[in-house]
Amino acid sequence: YIFPGGFIGVDIFFVITGFLITTILLEEYNNNKSINILKFYERRARRLIPALLVIILIGTILSYIVLDPTKLKHFSESVFASLGFVANIYFHYFGNIYGTETALMKPLLHLWSLGVEEQFYIILPIGLLIVLKFFRRYFGLLLLIALILSLGFANYISSSNPMFNFWMLPSRAWEVIAGALVAYYLMKYKITTNEILVDIIKY
């Protein structure tokens, strides 16, 4: 296999997420000269939380049947971490390694990427609004600098702390920013994008 384990799928997902969310936020700013951050959070919550609760409910029922008391305790901790948007931080600091045999007994381990996504959702609209209000002239440059810093950081710690590199937002941010850069330049030069994809995540 060229990409064993399917790990590249998460990387592609983060890039697409950065592209779509940035497109939506830039369109809102261009139309209203502002970004309604609370409304953005509400839309994300309505889209993500129902499915998250269903996954947690199913996982809780199955875990109660299958897991021993110690593993069930760890599962309960991961439930609270997932609901608090910090699943990736929890799994990192408790020494989990994605794809190993022990990970099979972590029913919510796959929610780590949702934790990264949710943290991105919290930070991005605030950051974009600040840059658009005060530093719009340098918007593309600032995105490029942020991408280089995150990618450089990820490369720097890839050998010394590969698990942090895998789980955490600072070393994943460059993927999201790459998508944001594409969105910015497509809109800047008025290059047509597939509006169907944007509508899917918007609503």
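Test of the criteria: in region 12-113, which trypsin sites (Lys or Arg not before Pro) are in a DSSP loop and have at most 15 other Cβ atoms within 10 angstrom of their Cβ? Passing both the DSSP loop test and the Cβ count: K33.
Projecting the Cα atoms of I145, I8, S34 onto the charge dipole of the chain, computed from C-beta unit charges around the Cα centre, puts S34 farthest toward the positive end.
Solvent-accessible surface (1.4 Å probe) assigned to M187 amounts to roughly 60 Å². Dipole magnitude for region 1-92: about 220 debye, using +1 per Lys or Arg Cβ and -1 per Asp or Glu Cβ, origin at the Cα centre.
Where does the chain land on Rg/Rh, using Cα atoms and the Kirkwood Rh?
1.00
Given their separation in residues at 0.36 nm each and the Cα-Cα distance between them, T70 and I55 gain 3.3 nm when the chain is fully extended. Comparing S78, S160, S34 in a Gaussian network model of the chain where C-alpha atoms under 10 Å apart are linked, the largest mean-square fluctuation is found at S160. The residue list S171, Y184, P50 was ranked by how far each Cα lies along the charge dipole of the chain toward its positive end, using unit charges on Cβ atoms, and Y184 comes out on top.
The values are calculated or read from the model by the stated rules, or taken from the named source; none is laboratory data. Since the structure is predicted, the reported quantities are computational estimates derived from the model, not experimental observations. In this analysis, Cβ positions are derived from the backbone assuming ideal geometry, glycine residues included, and neighbour counts consider all displayed protein chains. Just so you know, the surface numbers come from the protein's heavy atoms only, side chains and all, with ligands and any DNA or RNA stripped out. Shrake-Rupley method; radii C 1.70, N 1.55, O 1.52, S 1.80 Å.
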